[in-house]
Amino acid sequence: QVQLVESGGGLVQAGGSLRLSCAASGRTFSNYFVAWFRQAPGKERESVAAINWSAGSTYYADSVKGRFTVSRDNAKNTVYLQMNNLKPEDTAVYYCAARHSGSASYNNWGQGTQVTVSS
C-alpha cells in the first residue's frame with residue numbers, strides 16, 4: 001500500500017495559481033493510477049484530475065480543464081497538480097489518491113491540503 005502526503009495548499013486570490021504535490025512513500029507509483037479529488041464544506045467529494053503513471057495519459061474534470069494540469073516526476077515519485085486561474089469555487093480540501101493497476105477502487109488516500117481562493 002502506498003502512503004501519500006499532500007502539500008502546497010494555501011490562500012490565494014482569484015486568478016492566482018498554486019501547485020499541489022502528492023509524494024509517495026513505501027512504494028513507487030509505477031504500477032498505479034493517481035488522482036486528485038476535492039471536497040468543499042457541505043458538498044460531495046468530486047474528482048478533479050487523474051494520471052496513468054506508466055502511460056502518462058491524463059484526465060480532467062470539465063470544471064478544471066484548461067486551468068489545471070496534472071504531471072509526474074519519476075525521480076521524486078511525486079504527482080503534481082498545477083492550478084492556474086483559480087476561482088472561488090475551487091476552494092476545497094484537495095486529496096490525492098492512488099489505486100493499483102489491478103484494483104478497481106482508489107483505496108490509498110492522503111490526508112488532504114486546504115486550498116482557499118478569495119474573491
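The values are calculated or read from the model by the stated rules, or taken from the named source; none is laboratory data. Predicted model only: the values in this text are computed from it and were never measured. Note: ideal-geometry Cβ built from the backbone for every residue, glycine included; neighbour counts use all protein chains shown. Remember, those area values only see protein heavy atoms, side chains included, never the ligands or the DNA or RNA. Shrake-Rupley method; radii C 1.70, N 1.55, O 1.52, S 1.80 Å.
Leaving out ligands and nucleic acids, and using a 1.4 Å probe, what accessible area per residue does segment 43-119 come to in Å²? All intermediate terms of the calculation are to be shown ahead of the outcome.
Numbers: 4110 Å² over 77 residues.
The answer is 53 Å² per residue.
I'd like the carbon and sulfur percentage of the solvent accessible area for segment 1-73, probe radius 1.4 Å, heavy atoms only, ligands and nucleic acids excluded.
44 percent
So if we plug the beta-carbon distance of residue 100 and residue 13 into 1/(1 + (r/R0)^6) with R0 = 35 Å, what FRET efficiency do we get, rounded to 0.05?
E between residue 100 and residue 13, to the nearest 0.05, is 0.35.
Please list, by residue number, everything in segment 5-46 whose backbone N is under 19 Å from a paramagnetic label point 7 Å out along Cα→Cβ of residue 67.
It comes to 8-21, 36-46, nothing else.
Dipole of the chain, Cα-centred, from +1 at each Lys and Arg C-beta and -1 at each Asp and Glu C-beta, to the nearest 20 debye?
I would put it at about 160 debye.
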